[in-house]
1. Would it be correct to say that B:Ala170 is within 13 Å of chain A (Cβ to nearest Cβ) and farther than 17 Å from B:Asn48 by Cα?
2. I want to confirm something. Restricting to the stretch B:44-83 and keeping residues that are among the polar types (S, T, N, Q) and under 19 Å from B:Leu120 (Cα atoms), which single residue is surrounded by the most Cβ atoms within 10 Å (Cβ to Cβ)?
3. Hey, any hits in the stretch A:236-252 for a residue that's modelled with pLDDT of 85 or more, among the aliphatic types (A, V, I, L, M) and surrounded by fewer than 18 Cβ atoms within 10 Å (Cβ to Cβ)?
4. Only residues that are crowded, with 19+ Cβ neighbours inside 10 Å and part of a helix (DSSP H, G or I): list them for the stretch B:130-144, please.
5. Only one of (1) outside the structural domain of B:Thr76 (by TED's automatic domain parsing); (2) under 21 Å from A:Arg78 (Cα atoms) is not met by B:Gln154, so which one is it?
6. Looking only at residues in the stretch A:44-57 that are more than 7 Å from every other protein chain (Cβ to nearest Cβ) and not polar (S, T, N, Q), which one is surrounded by the fewest Cβ atoms within 10 Å (Cβ to Cβ)?
7. Confirm whether A:Leu266 is touching a residue at least 60 places away in the same chain (Cβ under 8 Å), assigned by TED's automatic domain parsing to the domain that holds A:Leu234 and either closer than 29 Å to A:Glu235 by Cβ or more than 27 Å from the chain's Cα centre (by Cα) (or both).
8. Is the stretch A:79-90 home to any residue that is modelled with pLDDT of 85 or more, under 24 Å from B:Ala126 (Cβ atoms) and touching a Ser or Thr at 6+ places or on another chain (Cβ under 9 Å)?
Amino acid sequence: MDDQLFLLLSVTLSFLAPSAVAFLEYFQSHLNSTKKSSFKLLKLPWLAFQEVLKSMDHSDIFMLSLCSKNTLNILKFRKTKVNWLCYRDYQNELSVYSRQSFDTKDLVFFARTIPNCHRSVGENRLKVVRLGGTNVQCLWEKFGINSTSVFKKVFERVNFHSFKDYGIECIDTNRAVVQQAVENYIHEIFTVKCIELEVTAKDYLKKHYRNISGVTDLTLSDVKIETKDLEEMLEMHPNLKSIRIDRYLSGPLSVDSRIFNIDNVLLYQYFRSAPFFWQNFKGRYLAIGRGVYNEWDVFEFVRSWISGTKYPHLKLLVVTKEGRRLNFQWILNQLRASTKEWNRPPIHEYWSR
Amino acid sequence: MSVENAPVVDVDEAAIPVEKKMYYRFESNDKKEFRVSELAIQQSETLNRLVEAMGYTSEDVENKPAIAIENIDGKTLKLVFQWCEHHKGEAIPVDDGSVPKIVEIPEFDAKLMDIDNGLLFKLIWAADYLNIVQLLNVSCKKVANMAQGKTPAQLRRVYLLPSDEEDEAAKRAAQEAQDPRAREVEEEFEERKRQGGNSFF
């Protein structure tokens, strides 16, 4: 029927204007190519449709959920499993990644809040996206290898392992609203096993993005952090399984600090008595960078660990030393150690996972 | 092995293989006949169980009519059997639960699936119907790859996803088609409401 109509129109118009025929031909070929390149995803049998979703990246599933209420409802009904979701907070940016392993990241969502006075975009590029019951005004911005947009700069800086051609820029000064909306939305369509929150301590202390719930892994980077603030954070996230502090920890720790109850702890720059930390530590994996200790501390630790009188849960301890080098031969002689073949695990297994 | 050289033999077009292996005959809904090796059939759980239940001997295969697969056309079935012949003897993969699912599309499969999306849709439908796990995996991966790096607007075009307004219109149309009286009742109700009546009855 469409072809007949097209033929009739072509014949009629060919008498009137040859350019009109050319336009119609172009229009029909465009229509055909669109039809040919389209795939009726929602008409697939349910099992096959689920297989498609299983093969999709999490970021694509997120985008699919924004297509219509229908796709959102389907994705809510069939929640996608995410093993490890990472919220990264940096100044006025919130990035959400899914991770399959320690060294891979797939960007699911990128939100950047911009003050109203800095808006320099046309209204036609603004979109309202309904996230977790909240309307968030967004800007669709293409970024690519040769793009000079903000996204490229951001992506270069944080060195993403994989990234998509599009991000979302949220035009909203209220970071907490965006954060809450994103978090609610993510939990509507994904079932998350572990939630990692990566924040700069500076932002944290300004009370930015403090309400991410169910955090299991916490990373604090960039600036030194006071122990009292640390305790406050640990109280806020009681279900932590791991914590990583990239910079200096300032102030004394009390023996009943919550940090000693966390399963995996990594302190990059400790600069204090490492034996105090490991003696109070009740978790399984501990890595301390630049700790202060001597040969006798190591000897005492190994002897009590091997005899089982202390550290019942500890599986791994890694401590790098601040100051002079240790006399390992003295320790080995004291322990009467013998040589054993051992395959050393990869370095990241020493850390928080 | 290229798609063209895959060892599927269409009875109408090519010679029957002289090997002594067991070959089953299948017929599509447009009456095209295919001969498929016993080993290739094992890739499809549905067909494998079917031929086991039938208990055909070599003579039965020749003398009895071809097994009809009434839901799938010849073009699609040809692709399915080409795939099965190429992958015959391979282990059927088990879902390890990883998300996103790690699926690599081999070169042969990529060439086989270099088809228009209408046929790809039919191929997935057939793989699902015949329960060919690996074919379903690779074809669904191809569909999933179409979404990579797309915005919602682009996804709507690629996957022909109706907008909210179109969904609403379709829902209304479906309701009206299902119950023509409903519209009349609604109009009557609106009319009475305008006239100031409190109750419909």
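1. It is true that B:Ala170 is within 13 Å of chain A (Cβ to nearest Cβ) and farther than 17 Å from B:Asn48 by Cα.
2. B:Ser44
3. yes
4. B:Gln134, B:Leu135, B:Leu136, B:Asn137, B:Val138, B:Ser139, B:Cys140, B:Lys141, B:Lys142, B:Val143, B:Ala144
5. Of everything listed in (1) outside the structural domain of B:Thr76 (by TED's automatic domain parsing); (2) under 21 Å from A:Arg78 (Cα atoms), B:Gln154 misses just condition (2).
6. Once the filter is applied, the top-ranked residue is A:Trp46.
7. yes
8. Among the residues of the stretch A:79-90, not one is modelled with pLDDT of 85 or more, under 24 Å from B:Ala126 (Cβ atoms) and touching a Ser or Thr at 6+ places or on another chain (Cβ under 9 Å), which makes the answer no.
The values are calculated or read from the model by the stated rules, or taken from the named source; none is laboratory data. From a predicted model like this one, the values you see are computed outputs, not experimental measurements. With ideal geometry, Cβ positions are generated from the backbone for all residues, glycine too; neighbour counts draw on all protein chains shown.
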